[in-house]
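For reference, the structure is listed below as C-alpha coordinates.
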Amino acid sequence: MDWYNPQDIEIPNGHFINGELRTFDDDTLSEVCCPSSGKPYASLPCASENTVDFVINSTKQAFTETDWATMAPRDRADYLFKWASLVENDREYLAQLESLGSSRPYHEVLQWDIPYVVDCLKFFAELADKHGGYIGATQQNRLGMVINQPYGVVGAITPWNFPMSMLIWKVGPALAAGNAVVLKPSELTPFSSNHLARLACDAGIPKNIFNVVQGLGHTVGQAICEHPSIGKVTFTGSTATGAAIMSTCALKGPKPSTLELGGKSPQIVFNDADLDKTATIVAKAITGNAGQVCVSGSRLIIHESIEKQFTQQLVEYFSQLKMGATWDKETTLPPIISARQADRIESIVSQSIADGAELICGGKKVLEGGTFYTPTILKMNKADNCAITSEIFGPVLTVQTFQTDEEAWNLASHETYGLAVGIHTNDIKRALTGMRKVEAGSVWINRYGRSFDHIMPTGGFKQSGIGKDIGVEAFQANLHSKSVLIDF
Ligand code: NAD
(Lines give C-alpha, C1' and ligand atoms only; values in the text may rest on other atoms or scores of the structure.)
Protein backbone atom coordinates (compact mmCIF):
# COMPACT_ATOMS: atom_id res chain seq x y z
CA MET A 1 0.00 0.00 0.00
CA ASP A 2 1.50 3.35 -1.07
CA TRP A 3 1.24 6.85 0.44
CA TYR A 4 1.25 8.43 -3.02
CA ASN A 5 1.90 7.61 -6.64
CA PRO A 6 5.51 8.50 -7.50
CA GLN A 7 4.53 9.05 -11.16
CA ASP A 8 2.24 11.94 -10.20
CA ILE A 9 4.83 14.27 -8.73
CA GLU A 10 5.70 17.42 -10.58
CA ILE A 11 9.47 17.91 -10.49
CA PRO A 12 10.68 21.53 -10.18
CA ASN A 13 13.70 20.98 -12.40
CA GLY A 14 16.33 23.62 -13.21
CA HIS A 15 18.14 26.30 -11.24
CA PHE A 16 16.04 28.64 -9.10
CA ILE A 17 17.24 32.13 -9.86
CA ASN A 18 15.60 35.54 -9.69
CA GLY A 19 12.31 34.03 -8.55
CA GLU A 20 11.97 31.41 -11.29
CA LEU A 21 13.18 28.06 -12.54
CA ARG A 22 15.76 28.49 -15.29
CA THR A 23 18.10 26.56 -17.48
CA PHE A 24 21.04 27.86 -19.53
CA ASP A 25 22.32 26.94 -22.97
CA ASP A 26 25.66 25.75 -21.61
CA ASP A 27 24.17 23.53 -18.87
CA THR A 28 25.24 19.90 -19.04
CA LEU A 29 22.90 17.11 -17.98
CA SER A 30 23.29 14.67 -15.13
CA GLU A 31 20.89 11.78 -14.47
CA VAL A 32 19.05 11.82 -11.15
CA CYS A 33 18.01 8.38 -9.87
CA CYS A 34 15.19 7.49 -7.54
CA PRO A 35 16.77 5.41 -4.75
CA SER A 36 13.56 3.42 -4.20
CA SER A 37 13.44 2.17 -7.80
CA GLY A 38 17.06 2.52 -8.86
CA LYS A 39 15.81 4.20 -12.04
CA PRO A 40 16.52 7.68 -13.40
CA TYR A 41 13.56 10.04 -13.06
CA ALA A 42 15.02 13.37 -14.20
CA SER A 43 17.93 14.96 -16.01
CA LEU A 44 19.43 17.69 -13.88
CA PRO A 45 20.86 20.72 -15.69
CA CYS A 46 24.31 21.35 -14.25
CA ALA A 47 25.63 24.90 -14.37
CA SER A 48 28.80 26.00 -16.13
CA GLU A 49 31.35 28.23 -14.44
CA ASN A 50 29.87 31.20 -16.35
CA THR A 51 26.43 30.49 -14.92
CA VAL A 52 27.82 30.23 -11.39
CA ASP A 53 29.49 33.59 -11.93
CA PHE A 54 26.23 35.08 -13.25
CA VAL A 55 24.22 33.72 -10.30
CA ILE A 56 26.69 34.93 -7.69
CA ASN A 57 26.86 38.39 -9.29
CA SER A 58 23.04 38.61 -9.38
CA THR A 59 22.90 37.58 -5.72
CA LYS A 60 25.53 40.14 -4.80
CA GLN A 61 23.60 42.82 -6.64
CA ALA A 62 20.43 41.91 -4.73
CA PHE A 63 22.35 42.05 -1.45
CA THR A 64 23.61 45.53 -2.33
CA GLU A 65 20.48 46.98 -3.96
CA THR A 66 17.58 45.55 -1.95
CA ASP A 67 16.94 46.43 1.69
CA TRP A 68 17.30 42.81 2.88
CA ALA A 69 20.41 43.51 4.96
CA THR A 70 19.38 46.98 6.07
CA MET A 71 15.67 46.63 6.91
CA ALA A 72 14.48 46.49 10.52
CA PRO A 73 15.49 43.01 11.71
CA ARG A 74 11.96 42.31 12.94
CA ASP A 75 10.71 42.84 9.38
CA ARG A 76 13.27 40.32 8.16
CA ALA A 77 12.05 37.94 10.85
CA ASP A 78 8.46 38.41 9.58
CA TYR A 79 9.49 37.28 6.09
CA LEU A 80 11.13 34.19 7.53
CA PHE A 81 8.04 33.40 9.63
CA LYS A 82 5.91 33.75 6.50
CA TRP A 83 8.29 31.42 4.67
CA ALA A 84 7.96 28.88 7.51
CA SER A 85 4.17 28.98 7.26
CA LEU A 86 4.28 28.46 3.46
CA VAL A 87 6.51 25.42 3.99
CA GLU A 88 3.97 24.05 6.45
CA ASN A 89 1.12 24.64 3.97
CA ASP A 90 2.99 22.74 1.24
CA ARG A 91 4.10 19.92 3.51
CA GLU A 92 2.50 17.11 1.53
CA TYR A 93 4.00 18.13 -1.80
CA LEU A 94 7.39 18.77 -0.20
CA ALA A 95 7.27 15.39 1.58
CA GLN A 96 6.48 13.62 -1.69
CA LEU A 97 9.23 15.45 -3.55
CA GLU A 98 11.75 14.75 -0.80
CA SER A 99 10.86 11.09 -0.37
CA LEU A 100 10.76 10.40 -4.11
CA GLY A 101 14.33 11.60 -4.57
CA SER A 102 15.99 10.59 -1.31
CA SER A 103 16.12 7.80 1.24
CA ARG A 104 13.68 9.58 3.53
CA PRO A 105 10.38 7.67 3.95
CA TYR A 106 7.34 9.84 3.18
CA HIS A 107 5.71 9.53 6.62
CA GLU A 108 9.00 10.40 8.35
CA VAL A 109 9.42 13.53 6.23
CA LEU A 110 5.87 14.52 7.07
CA GLN A 111 6.17 13.79 10.77
CA TRP A 112 9.76 14.80 11.37
CA ASP A 113 11.62 16.65 8.61
CA ILE A 114 8.95 19.21 7.72
CA PRO A 115 8.10 20.18 11.33
CA TYR A 116 11.85 20.29 11.99
CA VAL A 117 12.49 22.62 9.05
CA VAL A 118 9.60 24.90 10.00
CA ASP A 119 10.60 25.04 13.64
CA CYS A 120 14.29 25.57 12.92
CA LEU A 121 13.48 28.40 10.53
CA LYS A 122 11.36 30.07 13.20
CA PHE A 123 14.22 29.68 15.69
CA PHE A 124 16.56 31.60 13.39
CA ALA A 125 13.89 34.19 12.56
CA GLU A 126 13.56 34.86 16.29
CA LEU A 127 17.29 35.59 16.48
CA ALA A 128 17.17 38.26 13.76
CA ASP A 129 16.93 41.14 16.26
CA LYS A 130 18.61 39.48 19.22
CA HIS A 131 22.15 40.43 18.37
CA GLY A 132 23.82 43.80 18.58
CA GLY A 133 27.36 44.48 19.53
CA TYR A 134 28.97 46.11 22.51
CA ILE A 135 30.71 49.25 23.65
CA GLY A 136 34.43 48.79 24.24
CA ALA A 137 36.16 50.04 27.37
CA THR A 138 38.13 52.87 25.76
CA GLN A 139 39.54 56.10 27.18
CA GLN A 140 37.07 58.83 28.24
CA ASN A 141 37.13 61.03 25.12
CA ARG A 142 36.62 58.14 22.75
CA LEU A 143 33.72 55.83 21.94
CA GLY A 144 34.54 52.29 20.85
CA MET A 145 31.74 50.18 19.34
CA VAL A 146 31.87 46.62 18.12
CA ILE A 147 29.09 46.10 15.59
CA ASN A 148 28.05 42.95 13.71
CA GLN A 149 27.40 42.82 10.00
CA PRO A 150 26.48 40.10 7.50
CA TYR A 151 29.16 38.75 5.17
CA GLY A 152 27.24 39.55 1.99
CA VAL A 153 26.78 36.45 -0.16
CA VAL A 154 27.15 33.14 1.67
CA GLY A 155 27.89 30.06 -0.47
CA ALA A 156 26.07 27.00 0.92
CA ILE A 157 26.84 23.43 -0.17
CA THR A 158 24.73 20.56 1.19
CA PRO A 159 24.65 16.73 1.19
CA TRP A 160 21.91 14.30 0.14
CA ASN A 161 20.93 12.59 3.38
CA PHE A 162 18.45 15.13 4.82
CA PRO A 163 18.18 17.61 1.93
CA MET A 164 15.64 20.05 3.41
CA SER A 165 16.94 19.98 6.99
CA MET A 166 20.51 20.55 5.82
CA LEU A 167 19.34 23.43 3.64
CA ILE A 168 17.63 25.16 6.54
CA TRP A 169 20.68 24.72 8.81
CA LYS A 170 22.59 26.81 6.27
CA VAL A 171 20.08 29.17 4.71
CA GLY A 172 18.06 29.91 7.89
CA PRO A 173 20.80 31.58 9.95
CA ALA A 174 22.45 33.20 6.91
CA LEU A 175 19.24 34.95 5.84
CA ALA A 176 18.20 35.82 9.41
CA ALA A 177 21.54 37.59 9.85
CA GLY A 178 20.91 39.63 6.67
CA ASN A 179 23.07 37.75 4.17
CA ALA A 180 22.10 36.62 0.68
CA VAL A 181 22.70 32.95 -0.19
CA VAL A 182 23.73 30.91 -3.21
CA LEU A 183 22.99 27.25 -2.50
CA LYS A 184 24.26 24.18 -4.30
CA PRO A 185 22.32 21.15 -3.13
CA SER A 186 23.59 17.62 -3.69
CA GLU A 187 23.26 16.52 -7.31
CA LEU A 188 21.68 13.32 -5.95
CA THR A 189 18.76 15.15 -4.27
CA PRO A 190 18.43 18.51 -5.99
CA PHE A 191 14.72 19.28 -6.27
CA SER A 192 13.20 20.03 -2.85
CA SER A 193 15.64 22.97 -2.60
CA ASN A 194 14.04 24.57 -5.65
CA HIS A 195 10.59 24.42 -4.12
CA LEU A 196 11.84 25.79 -0.78
CA ALA A 197 13.49 28.68 -2.67
CA ARG A 198 10.24 29.37 -4.53
CA LEU A 199 8.36 29.51 -1.22
CA ALA A 200 10.96 31.96 0.11
CA CYS A 201 10.17 34.27 -2.82
CA ASP A 202 6.43 33.76 -2.30
CA ALA A 203 6.95 34.85 1.29
CA GLY A 204 8.27 38.19 -0.02
CA ILE A 205 12.00 37.64 0.43
CA PRO A 206 13.44 39.75 -2.42
CA LYS A 207 14.26 37.88 -5.63
CA ASN A 208 17.89 36.81 -5.97
CA ILE A 209 18.46 36.97 -2.20
CA PHE A 210 18.28 33.17 -2.08
CA ASN A 211 19.29 31.44 -5.31
CA VAL A 212 19.81 27.77 -6.06
CA VAL A 213 22.38 26.70 -8.63
CA GLN A 214 22.47 23.05 -9.56
CA GLY A 215 25.42 20.88 -10.50
CA LEU A 216 28.25 18.64 -9.50
CA GLY A 217 30.58 19.26 -6.59
CA HIS A 218 33.90 19.47 -8.37
CA THR A 219 32.55 22.01 -10.88
CA VAL A 220 29.71 24.09 -9.40
CA GLY A 221 30.69 23.54 -5.74
CA GLN A 222 34.29 24.36 -6.54
CA ALA A 223 33.32 27.48 -8.52
CA ILE A 224 31.25 28.76 -5.57
CA CYS A 225 34.18 28.30 -3.18
CA GLU A 226 36.56 30.05 -5.60
CA HIS A 227 34.36 33.05 -6.37
CA PRO A 228 35.65 36.38 -5.02
CA SER A 229 32.13 37.65 -4.23
CA ILE A 230 31.38 34.77 -1.85
CA GLY A 231 32.04 36.15 1.63
CA LYS A 232 31.83 32.84 3.43
CA VAL A 233 31.28 29.17 2.66
CA THR A 234 29.09 26.93 4.77
CA PHE A 235 29.31 23.22 4.00
CA THR A 236 27.91 19.92 5.21
CA GLY A 237 29.22 16.69 3.74
CA SER A 238 32.08 14.24 3.95
CA THR A 239 35.38 14.95 5.64
CA ALA A 240 37.30 14.52 2.37
CA THR A 241 35.15 17.12 0.57
CA GLY A 242 35.33 19.43 3.59
CA ALA A 243 39.12 19.30 3.44
CA ALA A 244 39.06 20.09 -0.30
CA ILE A 245 36.70 23.03 0.32
CA MET A 246 38.83 24.39 3.13
CA SER A 247 41.86 24.26 0.91
CA THR A 248 40.05 26.02 -1.96
CA CYS A 249 38.83 28.69 0.47
CA ALA A 250 42.39 29.16 1.69
CA LEU A 251 43.96 29.37 -1.76
CA LYS A 252 41.25 31.50 -3.38
CA GLY A 253 40.70 33.88 -0.52
CA PRO A 254 41.42 33.17 2.15
CA LYS A 255 37.78 33.15 3.16
CA PRO A 256 36.04 31.62 6.18
CA SER A 257 34.26 28.29 6.03
CA THR A 258 32.02 26.36 8.41
CA LEU A 259 32.39 22.61 7.93
CA GLU A 260 30.00 19.93 9.25
CA LEU A 261 31.63 16.63 8.34
CA GLY A 262 31.57 12.88 8.79
CA GLY A 263 31.30 10.82 11.96
CA LYS A 264 31.78 7.42 13.52
CA SER A 265 29.85 7.89 16.72
CA PRO A 266 29.94 5.46 19.65
CA GLN A 267 27.05 4.30 21.80
CA ILE A 268 28.41 3.16 25.15
CA VAL A 269 26.21 0.76 27.11
CA PHE A 270 26.94 -0.03 30.76
CA ASN A 271 25.44 -3.00 32.57
CA ASP A 272 23.45 -0.72 34.90
CA ALA A 273 21.45 0.79 31.99
CA ASP A 274 17.77 0.07 31.33
CA LEU A 275 18.62 -2.56 28.72
CA ASP A 276 15.26 -2.98 26.96
CA LYS A 277 14.88 0.76 26.40
CA THR A 278 18.55 1.10 25.44
CA ALA A 279 18.37 -1.74 22.89
CA THR A 280 15.62 0.13 21.03
CA ILE A 281 17.57 3.40 21.15
CA VAL A 282 20.77 1.73 19.91
CA ALA A 283 18.93 -0.14 17.13
CA LYS A 284 17.14 2.97 15.89
CA ALA A 285 20.35 5.00 15.98
CA ILE A 286 22.00 2.73 13.42
CA THR A 287 19.01 1.84 11.24
CA GLY A 288 17.26 5.25 11.02
CA ASN A 289 17.51 6.46 7.39
CA ALA A 290 19.32 3.11 6.82
CA GLY A 291 22.31 4.41 8.75
CA GLN A 292 22.77 7.33 6.35
CA VAL A 293 22.98 9.90 9.14
CA CYS A 294 26.10 11.82 10.09
CA VAL A 295 25.49 11.08 13.77
CA SER A 296 24.54 7.41 13.24
CA GLY A 297 25.49 5.49 16.35
CA SER A 298 27.68 3.12 14.40
CA ARG A 299 29.97 1.80 17.13
CA LEU A 300 28.45 -0.16 20.02
CA ILE A 301 30.81 -0.22 23.00
CA ILE A 302 29.28 -2.52 25.58
CA HIS A 303 30.14 -4.03 28.95
CA GLU A 304 31.24 -7.59 28.29
CA SER A 305 28.76 -9.06 30.83
CA ILE A 306 25.73 -8.02 28.74
CA GLU A 307 27.10 -8.23 25.20
CA LYS A 308 25.47 -11.51 24.12
CA GLN A 309 21.99 -10.79 25.47
CA PHE A 310 22.05 -7.21 24.16
CA THR A 311 23.21 -8.05 20.62
CA GLN A 312 20.49 -10.72 20.50
CA GLN A 313 17.92 -8.00 21.26
CA LEU A 314 19.36 -5.92 18.42
CA VAL A 315 19.22 -8.87 16.01
CA GLU A 316 15.52 -9.32 16.88
CA TYR A 317 14.78 -5.63 16.32
CA PHE A 318 16.62 -5.68 12.97
CA SER A 319 14.72 -8.78 11.83
CA GLN A 320 11.43 -6.90 12.14
CA LEU A 321 12.44 -4.01 9.88
CA LYS A 322 10.85 -3.96 6.46
CA MET A 323 12.87 -2.82 3.45
CA GLY A 324 10.90 -0.91 0.91
CA ALA A 325 10.27 2.16 -1.17
CA THR A 326 10.04 5.52 0.57
CA TRP A 327 6.43 5.85 -0.58
CA ASP A 328 5.37 2.43 0.79
CA LYS A 329 3.38 2.71 4.03
CA GLU A 330 5.06 -0.33 5.57
CA THR A 331 8.68 0.69 4.98
CA THR A 332 10.82 0.90 8.09
CA LEU A 333 14.19 0.40 6.36
CA PRO A 334 14.59 2.76 3.39
CA PRO A 335 16.93 2.33 0.41
CA ILE A 336 20.59 3.25 0.16
CA ILE A 337 20.94 6.48 -1.81
CA SER A 338 22.79 4.98 -4.80
CA ALA A 339 24.17 1.73 -6.15
CA ARG A 340 27.65 3.23 -5.74
CA GLN A 341 27.09 3.86 -2.03
CA ALA A 342 25.70 0.33 -1.57
CA ASP A 343 28.80 -1.10 -3.27
CA ARG A 344 30.97 0.92 -0.91
CA ILE A 345 29.14 -0.45 2.15
CA GLU A 346 29.49 -3.99 0.76
CA SER A 347 33.17 -3.58 0.13
CA ILE A 348 33.97 -2.23 3.64
CA VAL A 349 31.95 -5.03 5.29
CA SER A 350 33.70 -7.72 3.19
CA GLN A 351 37.11 -6.26 3.97
CA SER A 352 36.24 -6.07 7.66
CA ILE A 353 35.28 -9.77 7.71
CA ALA A 354 38.38 -10.68 5.73
CA ASP A 355 40.39 -8.85 8.41
CA GLY A 356 38.90 -11.00 11.17
CA ALA A 357 35.58 -9.39 12.19
CA GLU A 358 32.76 -11.83 13.04
CA LEU A 359 29.49 -11.33 11.17
CA ILE A 360 26.63 -11.57 13.69
CA CYS A 361 23.82 -10.70 11.27
CA GLY A 362 23.10 -8.97 7.94
CA GLY A 363 25.95 -8.28 5.55
CA LYS A 364 23.87 -8.46 2.39
CA LYS A 365 23.18 -6.05 -0.43
CA VAL A 366 19.64 -6.52 -1.71
CA LEU A 367 18.65 -5.45 -5.20
CA GLU A 368 14.88 -5.31 -5.27
CA GLY A 369 13.71 -2.23 -7.09
CA GLY A 370 16.22 0.07 -5.47
CA THR A 371 19.35 -0.87 -3.58
CA PHE A 372 19.07 -1.92 0.05
CA TYR A 373 21.46 -3.19 2.67
CA THR A 374 20.48 -5.52 5.49
CA PRO A 375 21.12 -4.24 9.04
CA THR A 376 24.48 -5.66 9.99
CA ILE A 377 26.36 -6.36 13.21
CA LEU A 378 30.08 -6.99 13.15
CA LYS A 379 31.91 -8.14 16.26
CA MET A 380 35.33 -6.53 16.16
CA ASN A 381 38.58 -8.34 16.67
CA LYS A 382 40.82 -5.26 16.72
CA ALA A 383 40.47 -1.50 16.95
CA ASP A 384 42.04 -0.80 13.57
CA ASN A 385 39.56 -2.95 11.60
CA CYS A 386 38.31 -0.90 8.61
CA ALA A 387 34.69 -1.09 9.84
CA ILE A 388 35.81 1.02 12.81
CA THR A 389 38.20 3.35 11.07
CA SER A 390 35.91 4.26 8.10
CA GLU A 391 32.60 6.10 8.08
CA ILE A 392 30.41 3.46 6.36
CA PHE A 393 27.18 5.50 6.07
CA GLY A 394 24.91 2.48 6.09
CA PRO A 395 23.15 0.23 8.65
CA VAL A 396 26.34 -1.38 9.92
CA LEU A 397 27.07 -1.57 13.65
CA THR A 398 30.43 -2.64 15.05
CA VAL A 399 30.64 -4.17 18.54
CA GLN A 400 33.49 -3.82 20.99
CA THR A 401 33.45 -4.86 24.65
CA PHE A 402 34.99 -3.37 27.78
CA GLN A 403 35.50 -4.34 31.40
CA THR A 404 36.37 -1.02 33.04
CA ASP A 405 34.98 2.48 32.56
CA GLU A 406 38.39 3.72 31.51
CA GLU A 407 38.48 1.14 28.72
CA ALA A 408 35.03 2.33 27.56
CA TRP A 409 36.13 5.98 27.33
CA ASN A 410 39.30 5.01 25.47
CA LEU A 411 37.42 2.87 22.94
CA ALA A 412 34.83 5.63 22.45
CA SER A 413 37.31 8.34 21.50
CA HIS A 414 37.92 7.82 17.77
CA GLU A 415 41.23 8.63 16.17
CA THR A 416 39.64 10.61 13.32
CA TYR A 417 36.05 11.57 14.14
CA GLY A 418 34.30 13.28 17.06
CA LEU A 419 30.72 14.11 16.14
CA ALA A 420 28.53 12.57 18.85
CA VAL A 421 28.46 10.00 21.65
CA GLY A 422 25.61 8.15 23.39
CA ILE A 423 26.17 7.10 27.01
CA HIS A 424 23.67 4.68 28.52
CA THR A 425 23.89 4.25 32.29
CA ASN A 426 21.86 4.93 35.41
CA ASP A 427 24.96 6.08 37.27
CA ILE A 428 25.10 9.88 37.06
CA LYS A 429 28.77 10.04 38.09
CA ARG A 430 29.68 7.68 35.28
CA ALA A 431 27.59 9.60 32.74
CA LEU A 432 29.13 12.94 33.67
CA THR A 433 32.64 11.49 33.62
CA GLY A 434 31.99 10.25 30.07
CA MET A 435 30.53 13.60 29.10
CA ARG A 436 33.85 15.24 29.95
CA LYS A 437 36.14 12.49 28.66
CA VAL A 438 34.82 11.49 25.25
CA GLU A 439 35.91 13.85 22.48
CA ALA A 440 32.71 14.65 20.60
CA GLY A 441 30.65 17.74 19.79
CA SER A 442 27.35 16.27 21.10
CA VAL A 443 26.84 14.05 24.14
CA TRP A 444 23.54 12.22 24.56
CA ILE A 445 22.88 10.53 27.87
CA ASN A 446 20.18 7.82 27.96
CA ARG A 447 18.91 9.04 24.59
CA TYR A 448 20.38 9.28 21.09
CA GLY A 449 19.99 11.80 18.30
CA ARG A 450 19.16 15.41 17.64
CA SER A 451 15.98 17.01 18.93
CA PHE A 452 13.88 20.10 18.26
CA ASP A 453 15.99 21.99 20.82
CA HIS A 454 17.53 24.23 18.18
CA ILE A 455 19.31 26.18 20.88
CA MET A 456 21.75 23.23 21.15
CA PRO A 457 24.55 23.75 18.61
CA THR A 458 25.75 20.78 16.59
CA GLY A 459 29.22 20.27 15.21
CA GLY A 460 32.21 18.03 15.32
CA PHE A 461 35.50 17.66 17.14
CA LYS A 462 38.60 16.45 15.28
CA GLN A 463 37.93 15.77 11.57
CA SER A 464 34.14 15.85 12.09
CA GLY A 465 34.06 19.56 11.50
CA ILE A 466 34.91 23.15 12.22
CA GLY A 467 32.25 25.49 13.54
CA LYS A 468 28.63 24.84 14.48
CA ASP A 469 25.24 24.50 12.87
CA ILE A 470 22.04 25.39 14.75
CA GLY A 471 22.13 27.23 18.05
CA VAL A 472 23.05 30.84 18.57
CA GLU A 473 26.58 29.95 17.44
CA ALA A 474 25.33 29.14 13.93
CA PHE A 475 23.59 32.50 13.73
CA GLN A 476 26.65 34.39 15.00
CA ALA A 477 28.82 32.56 12.47
CA ASN A 478 26.93 34.39 9.72
CA LEU A 479 28.04 37.78 11.01
CA HIS A 480 31.45 39.37 11.32
CA SER A 481 32.31 42.14 13.71
CA LYS A 482 33.57 45.60 12.94
CA SER A 483 35.40 47.84 15.43
CA VAL A 484 34.44 51.52 15.34
CA LEU A 485 36.38 54.22 17.18
CA ILE A 486 35.12 57.79 17.52
CA ASP A 487 37.16 60.54 19.16
CA PHE A 488 35.28 63.42 20.71
P1 NAD B 1 29.88 14.80 -0.17
O2 NAD B 1 31.02 15.39 0.58
O3 NAD B 1 30.16 13.79 -1.21
O4 NAD B 1 29.02 15.95 -0.91
C5 NAD B 1 28.45 17.01 -0.19
C6 NAD B 1 28.26 18.20 -1.12
O7 NAD B 1 29.53 18.68 -1.53
C8 NAD B 1 27.49 17.85 -2.40
O9 NAD B 1 26.62 18.92 -2.73
C10 NAD B 1 28.61 17.73 -3.44
O11 NAD B 1 28.19 17.98 -4.75
C12 NAD B 1 29.56 18.82 -2.95
N13 NAD B 1 30.96 18.67 -3.38
C14 NAD B 1 31.62 17.53 -3.72
N15 NAD B 1 32.90 17.82 -4.07
C16 NAD B 1 33.06 19.16 -3.95
C17 NAD B 1 34.15 20.06 -4.17
N18 NAD B 1 35.35 19.63 -4.56
N19 NAD B 1 33.95 21.38 -3.94
C20 NAD B 1 32.75 21.84 -3.51
N21 NAD B 1 31.67 21.03 -3.32
C22 NAD B 1 31.82 19.70 -3.51
O23 NAD B 1 28.89 14.23 0.95
P24 NAD B 1 27.53 13.42 0.72
O25 NAD B 1 27.89 12.05 0.27
O26 NAD B 1 26.59 14.25 -0.08
O27 NAD B 1 26.95 13.36 2.22
C28 NAD B 1 27.32 12.39 3.15
C29 NAD B 1 28.37 12.96 4.09
O30 NAD B 1 27.85 14.12 4.74
C31 NAD B 1 28.72 12.00 5.21
O32 NAD B 1 30.11 12.01 5.39
C33 NAD B 1 28.02 12.59 6.43
O34 NAD B 1 28.59 12.25 7.67
C35 NAD B 1 28.10 14.06 6.15
N36 NAD B 1 27.09 14.80 6.88
C37 NAD B 1 27.50 15.51 7.99
C38 NAD B 1 26.56 16.19 8.78
C39 NAD B 1 27.00 16.94 10.01
O40 NAD B 1 26.19 17.64 10.62
N41 NAD B 1 28.24 16.81 10.43
C42 NAD B 1 25.21 16.18 8.40
C43 NAD B 1 24.83 15.45 7.26
C44 NAD B 1 25.79 14.78 6.50
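The values are calculated or read from the model by the stated rules, or taken from the named source; none is laboratory data. Bear in mind the structure is a predicted one, so any value in this text is a computation, not a measurement. So basically every Cβ, Gly included, is an ideal-geometry build from the backbone, and we count neighbours across all protein chains shown. Just so you know, the surface numbers come from the protein's heavy atoms only, side chains and all, with ligands and any DNA or RNA stripped out. Shrake-Rupley method; radii C 1.70, N 1.55, O 1.52, S 1.80 Å.
Looking at segment 373-448, which GluC sites (Glu not before Pro) are DSSP coil and have at most 14 other C-beta atoms within 10 Å of their C-beta?
For GluC sites (Glu not before Pro) across segment 373-448 that sit outside H, G, I, E and B with at most 14 neighbouring Cβ atoms in 10 Å, the list reads Glu415.
In terms of modelled amide H atoms, which long-range or inter-chain residues lie less than 5 Å from the amide H of Val366?
Hits under the 5 Å cutoff: Phe372, Tyr373, Thr374.
Counting each DSSP H run of 4 or more residues in the chain as -39500 (n - 2.57), what helix-only mean residue ellipticity at 222 nm follows after dividing by all residues, to the nearest 500 deg cm²/dmol?
The per-residue figure over the chain is -11000 deg cm²/dmol.
Tell me which of Thr239, Ile345, Gln7 sits at the most positive position along the dipole axis of the chain, charges placed on C-beta atoms (Lys, Arg +1; Asp, Glu -1).
The residue sitting farthest along the positive end of the dipole is Thr239.
Considering only the other residues whose Cβ falls under 12 Å of the Cβ of Val220, what net charge follows from Lys and Arg at +1 and Asp and Glu at -1?
Summing Lys and Arg as +1 and Asp and Glu as -1 gives -4.
In whole angstrom, how far apart do the alpha carbon centroids of segment 206-285 and segment 99-113 sit?
20 Å
Could you give the spread of the C-alpha atoms of segment 199-282 along their three principal axes, from largest to smallest, in whole angstroms?
Cα spread of segment 199-282 along its principal axes, largest to smallest: 56, 38, 21 Å.
So for segment 266-453: antiparallel DSSP bridges make up what percent, rounded to the nearest 5?
So the antiparallel bridges amount to about 25 percent of the total.
Per the Kirkwood treatment, what hydrodynamic radius in Å, one decimal, follows for segment 266-453 from the mean inverse distance over all distinct Cα pairs?
It works out to 16.5 Å.
Take every Cα-Cα distance within segment 52-144, group them into 10 Å bins from 0 onward, and report for each bin the whole-number percent of pairs it holds.
Pairs per bin, as whole percents: 14, 25, 28, 21, 6, 4, 1.
Could you calculate, for the chain, the ratio of the Cα radius of gyration to the Kirkwood radius, expressed as Rg to Rh? All intermediate terms of the calculation are to be shown ahead of the outcome.
Working: Rg = 23.1 Å, Rh = 23.3 Å.
Radius of gyration over Kirkwood radius for the chain works out to 0.99.
Percentage of Cα-Cα pair distances in segment 1-126 greater than 26 Å, rounded to whole percent?
Tail of the P(r) past 26 Å holds 41 percent of the pairs.
So what's the gap between the Cα centers of segment 399-417 and segment 418-488, to the nearest angstrom?
21 Å
With just the Cα atoms defining each centre, how far is segment 3-72 from segment 319-350? Give it in Å.
Segment 3-72 and segment 319-350 have Cα centres spaced 28 Å from each other.
Kindly state, as a whole number, the per residue volume in cubic angstrom of the convex hull around the alpha carbon atoms of segment 252-371.
178 Å³
Please name whichever of Gly136, Ala197, His454 sits farthest to the positive end of the charge dipole of the chain, dipole taken about the Cα centre and charges placed at Cβ: Lys and Arg +1, Asp and Glu -1.
Working it through, the farthest residue towards the positive pole turns out to be Gly136.
Loop only by DSSP, 11 or fewer other Cβ within 10 Å of the Cβ. Give me the GluC sites (Glu not before Pro) in segment 125-226 that pass, ordered by residue number.
When the GluC sites (Glu not before Pro) of segment 125-226 are filtered for loop state and at most 11 Cβ neighbours within 10 Å, nothing remains.
Whole-Hz ³J(HN,Hα) for each residue in segment 191-203, computed from phi via Karplus 6.51 cos²θ - 1.76 cosθ + 1.60 with θ = phi - 60°, x for glycine and proline: what do you get?
With coefficients 6.51, -1.76 and 1.60, one gets 8, 5, 4, 4, 6, 4, 5, 4, 5, 4, 5, 4, 6 Hz.
Of Lys322/Lys364; Lys232/Lys462; Lys284/Lys468; Lys82/Lys207; Lys60/Lys184; Lys184/Lys462, which pairs sit farther than 18 Å apart, going by alpha carbon to alpha carbon?
Lys232/Lys462; Lys284/Lys468; Lys184/Lys462
Where the only charges are on Cβ atoms (+1 Lys, Arg; -1 Asp, Glu), what is the dipole of the chain about its Cα centre, to the nearest 20 debye? Working shown, then result.
Numbers: 40 positive and 52 negative charges, 183 e Å.
Computed about the Cα centre, the dipole is about 880 debye.
Roughly what % antiparallel, to the nearest 5, for the DSSP beta bridges in the chain?
Among the beta bridges of the chain, antiparallel pairing accounts for roughly 50 percent.
Kindly give Rg over Rh for segment 178-330, based on alpha-carbon atoms, with the Kirkwood expression for the hydrodynamic radius.
Rounded to two decimals, Rg over Rh is 1.11.
What's the local net charge at Asn410, with K and R +1, D and E -1, over the other residues with C-beta under 13 Å away? The partial results should precede the final answer.
Working: positive: Arg299, Lys437; negative: Asp405, Glu406, Glu407, Glu415, Glu439.
Local charge sum for Asn410: -3.
Sorted by accessible area with a 1.4 angstrom probe, largest first, how do Met1, Met71 fall? Before the final figure, lay out each step's value.
Numbers: Met1 155, Met71 25 Å².
In descending accessible area the options line up as Met1, Met71.
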